[in-house]
Amino acid sequence: MSSSQLDDIIDFRQIFFKILKNWFLLLVSLILAFCIAFAYNRYSSELFGVEASIIVKEDDGLSNASGLLYDHVPPSNKIIENKELELKSFPLIYETLKDLKFNIAYFIEGNIKVTETYDSPVIVKCVDTRGIQGKTIRINIVDDNSFLLSHADSEVDEVRKFNEKFLLHDTEISVEYNIHFPIESASEMPTTIVRFYSLQSLALSYQDKISVTQKDP
């Protein structure tokens, strides 16, 4: 098909003049689309996938003569299944989450969105969180030595000292000031929301999220 025939089918000049005539609507549409894309990327929940490779060594040797006689050698797929059960075992996941202190979660309160963070202005110390599972507190730093503690389930606000032990629903906790948090002064510190989770529930949740597959040789 020649260019003249293509021009007869598609009138490019007519399309150009239509765009030129409605340039304002086109500009508004582009700005609106960019704003929606920015808001989605800025305020949507971030999900991260983590992958790890584990080398599983097979034992080709037999423990005794009876094993050689009756060919009691575990197949490779059985070894993989055993390792999968081991990696997804509840005790292993529970102890890992406990060591990482995943039962205490920190959130930064912004103007629009509350965002979970791993680097918060404060660090909550608690030996056992079973008595405060499901509880939420809000912490506003007053100065380098004190903070304002607000309870989410009541209207009680109290000023506490950093590194001072106190009872929260009959559970002893303390709050430490994070001097490594990237901010210039304590007055600019954002509000921190602290939530306490059940390790049992978290372990069950992570059991469902872990996927073990065998790579092709």
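Please state which one of Ile132, Ile112, Ile179, Ile173 is within 30 Å of Tyr40 (Cα to Cα) and of a type in the set (A, V, I, L, M, F, W, C). Explain how you work it out, then say what you get.
On the way: Ile132 fails: within 30 Å of Tyr40 (Cα to Cα); Ile179 fails: within 30 Å of Tyr40 (Cα to Cα); Ile173 fails: within 30 Å of Tyr40 (Cα to Cα).
That would be Ile112, the only listed residue that is within 30 Å of Tyr40 (Cα to Cα) and of a type in the set (A, V, I, L, M, F, W, C).
The rows are residues; the columns are (1) closer than 20 Å to Tyr118 by Cβ; (2) part of a helix (DSSP H, G or I); (3) polar (S, T, N, Q).
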| site | (1), (2), (3) |
| --- | --- |
| Glu158 | no, no, no |
| Asn163 | no, no, yes |
| Glu172 | no, no, no |
| Ile179 | yes, no, no |
| Val194 | yes, no, no |
| Gln207 | no, yes, yes |
Practice item. Could you grab me the full set of residues in the stretch 81-105 that are over 14 Å from Asp208 (Cα atoms), out of contact with any strand residue (DSSP E or B) (no Cβ under 8 Å at 6 or more places or on another chain) and not in a helix (DSSP H, G or I)? Key: Leu100, Lys101, Phe102
Practice item. Only residues that are part of a strand (DSSP E or B) and either among the aromatic types (Phe, Trp, Tyr) or crowded, with 17+ Cβ neighbours inside 10 Å (or both): list them for the stretch 106-122, please. Key: Tyr106, Phe107, Ile108, Val122
Practice item. Considering each residue of the stretch 136-156, count those that are part of a loop (DSSP other than H, G, I, E, B), open to solvent by less than 60 Å² (accessible area, probe 1.4 Å) and under 11 Å from Val194 (Cβ atoms), and give that number. Key: 0
Point to revise | Every residue from the stretch 123-135 that is assigned to a strand (DSSP E or B) and open to solvent by 40 Å² or more (accessible area, probe 1.4 Å) | key: Ile123, Lys125
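The values are calculated or read from the model by the stated rules, or taken from the named source; none is laboratory data. On a predicted model such as this, the values are computed, not experimentally measured, just so you know. Reconstructed Cβ throughout: ideal geometry from the backbone, glycine too, with neighbour counts over all protein chains shown. Note: accessible area is taken over every heavy atom of the protein model, side chains too, but ligands, DNA and RNA are not part of it. Shrake-Rupley method; radii C 1.70, N 1.55, O 1.52, S 1.80 Å.
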